[in-house]
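This report concerns only the one structure given below.
The values are calculated or read from the model by the stated rules, or taken from the named source; none is laboratory data. Just so it is clear, the model here is predicted, and its values are computed rather than measured. Don't worry about glycine lacking a Cβ; one is built from the backbone with ideal geometry, like all the others, and counts go over all protein chains shown. Please note that ligands, DNA and RNA were not included when accessible areas were found on the heavy atoms of the full protein model with its side chains. Shrake-Rupley method; radii C 1.70, N 1.55, O 1.52, S 1.80 Å.
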Amino acid sequence: MANMFLMPGMVFIGEDALESSREELKKLGRKALIVTDRMMGELDNVRRLTDLLDRIGIRYGIYDGINTEPTDSMVEEGLRIYREEGCDFLIGLGGGSPLDAMKAIGVLVTNPGDIMDFCGKPVIQELPPTVCIPTTAGTGSETTKSSVITNQKTSVKMLVSDPKLMATMAIVDPLFTITVPKDVTVATGIDALTHAIEAYTSKKACQLSDTQSISSVRRIFANIRTACINGSDKKARSQMAIASFEAGIAFNNSSVTLVHGMSRPIGAMFHVPHGASNAMLLVRSLDFIRPEAAARLHDLAVAIGAAKPGDGIQEGAAAFVEETRRLLSSIGVKGIHEFNIDQDAFYRAMDKMAEDALASGSPGNSRREVRKEDIIDIYKGLWQDALAS
Ligand SMILES: NC(=O)c1ccc[n+]([C@@H]2O[C@H](COP(=O)([O-])OP(=O)(O)OC[C@H]3O[C@@H](n4cnc5c(N)ncnc54)[C@H](O)[C@@H]3O)[C@@H](O)[C@H]2O)c1
Ligand SMILES: [Fe+2]
């Protein structure tokens, strides 16, 4: 069967990617809306970008009101500023949150309505040109057709997904990630690892997504520890930026599965950072899918050197889950009890969270059938892990 394979329109990747992009950037429009968060201003990243725009004669407006959970009202505000400033293209600068918000603003520029109207529905009109400049190595939003936006009224993280959301240009400069603090490096790095593993173990995996997944998993296992311990190690940061990009390509052309399905409700209801909720769910979810996904997990074990091609499939799969457990513990992944969550409130919310997880469609892409009871068991398991730690 043939597959459609999506990539951003143009990619600049490596040190000084921003500078290298200038001739192409110039062609995208006259005035950009830069969508970002306040931290990017404090770190001088906004100035790096505006210096370049000044030099190439592109005017800009700035909307820096995005936080770690972009909402429908932030998207509305961004649209208002885009129109008020008379912009004709968009640049997202930051982690996944500003990039997702930027893409959602782009949807509304040409498609009238509320952003929630586009959840699970096709986007009809082309967006204005969009540029993604990631400053974390994690979400891969610069490579994806997706935008995750929280519906403020229902506290549900909604997914807008359509090939029209693919960025016109991705500028991946690993030097932006040098300043990422350790806990964000851990969470975003494990988000990328989860993308790569889920893409590989998804029922929707295809050969080209497999290539990206395997390469990404290998790179992350080899570099994430250094990136976490010594954030200024340029080589580790570069490798993580590439791995995050590969993982984004992989899941964008395959899918995410159980972990992401279960992670979004934890983020929306208890405000746990996306990568951190993935990290706490990852090992239990791998153990759950293992009976049906053993051959795929065995491949990943071979990729990281935890098994040999001729080893037993079940042993290889178990070795991969064990190596993942070790990796997470060595970089200090946090348990659910470390996020100030009331356990009773979590238990009361579990039924709704399980339904929201299933309704997202992601768990259904797993190789093992996932029932609501299975999801609730894994949610409960997070608290057992907390007791054991
Ligand atoms: N579109 C997609 O395909 C996709 C995929 C996965 C996740 N997501 C979404 O992405 C969001 C999470 O993105 P994220 O994990 O990158 O985090 P984020 O964008 O929310 O940023 C996390 C924190 O790190 C800070 N930060 C970012 N870059 C920094 C830098 N270079 N130096 C210092 N601090 C920096 C930010 O200011 C923020 O405080 C979630 O909303 C998630 O749902 C989207
Ligand atoms: Fe993710």
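Go through 164/380; 121/182; 153/182; 31/235; 153/372; 182/235 and tell me which ones have a Cα-Cα distance over 28 Å in this structure.
Violating the 28 Å limit, Cα to Cα: 164/380; 121/182; 153/182; 31/235.
Write down the percent of antiparallel bridges among all DSSP beta bridges whose residues are both part of segment 10-177, to the nearest 5.
DSSP beta bridges in segment 10-177 are roughly 25 percent antiparallel.
Report the antiparallel proportion of the DSSP beta bridges in the chain as a percent, rounded to a multiple of 5.
Counting only bridges with both partners in the chain, antiparallel ones make up about 30 percent.
Just name one of 245, 362, 329: the one whose Cα is farthest towards the positive end of the charge dipole of the chain (beta-carbon charges, Lys/Arg +1, Asp/Glu -1).
Towards the positive end, the residue furthest out is 245.
Explain nothing, just the number: dipole magnitude of the chain about its Cα centre with +1 on each Lys and Arg Cβ and -1 on each Asp and Glu Cβ, in debye rounded to the nearest 20.
Rounded to the nearest 20 debye, it is 480 debye.
What angle, in degrees between 0 and 90 and rounded to the nearest 10, separates the Cα long axis of helix 72-85 from the longest principal axis of the Cα atoms of the chain?
Rounded to the nearest ten degrees, it is 20.
Could you work out how far helix 372-388 tilts from the main Cα principal axis of the chain, as a 0 to 90 degree angle to the nearest 10?
Between helix and principal axis, roughly 80 degrees.
Classify segment 10-177 as rounded, prolate or oblate, taking a ≥ b ≥ c as the square roots of the eigenvalues of its Cα gyration tensor: rounded when a/c is under 1.5, otherwise prolate if a/b is larger than b/c and oblate if not.
Prolate shape, in that a/c is at least 1.5 and a/b is the bigger ratio.
Consider all pairwise Cα distances in the chain and report the whole-number % of them above 33 Å.
That tail contains 26 percent of the Cα-Cα pairs.
Evaluate 2.2 N^0.38 Å with N set to the residue count of segment 1-65, then give the Cα radius of gyration divided by it.
Relative to the 2.2 N^0.38 Å estimate, segment 1-65 comes out at 1.35.
Tally Lys and Arg at +1 and Asp and Glu at -1 over the other residues with C-beta under 9 Å from the C-beta of residue 67: what net charge comes out?
Neighbourhood net charge equals -1.
Probe of 1.4 angstrom, ligands and nucleic acids ignored: what's the accessible area per residue over the chain, in square angstrom?
Value for the chain: 40 Å² per residue.
May I ask you to order 363-376, 9-22 by the average number of other C-beta atoms within 10 Å around their residues, highest value first?
Listed from highest to lowest mean packing, they are 363-376, 9-22.
Give me the angle, in degrees from 0 to 90, between the Cα long axis of helix 96-110 and the longest principal axis of the Cα atoms of the chain, rounded to the nearest 10.
50 degrees
Taking only the C-alpha atoms, wrap a convex hull around segment 91-167 and report its volume per residue in Å³ as a whole number.
78 Å³
Quick one: dipole size for segment 231-389, taken about the Cα centre, charges +1 on Lys/Arg Cβ and -1 on Asp/Glu Cβ, in debye to the nearest 20.
The dipole of segment 231-389 has a size of about 400 debye.
What number do you get for segment 187-388 when its Cα radius of gyration is normalised by 2.2 N^0.38 Å, N = residues?
0.97
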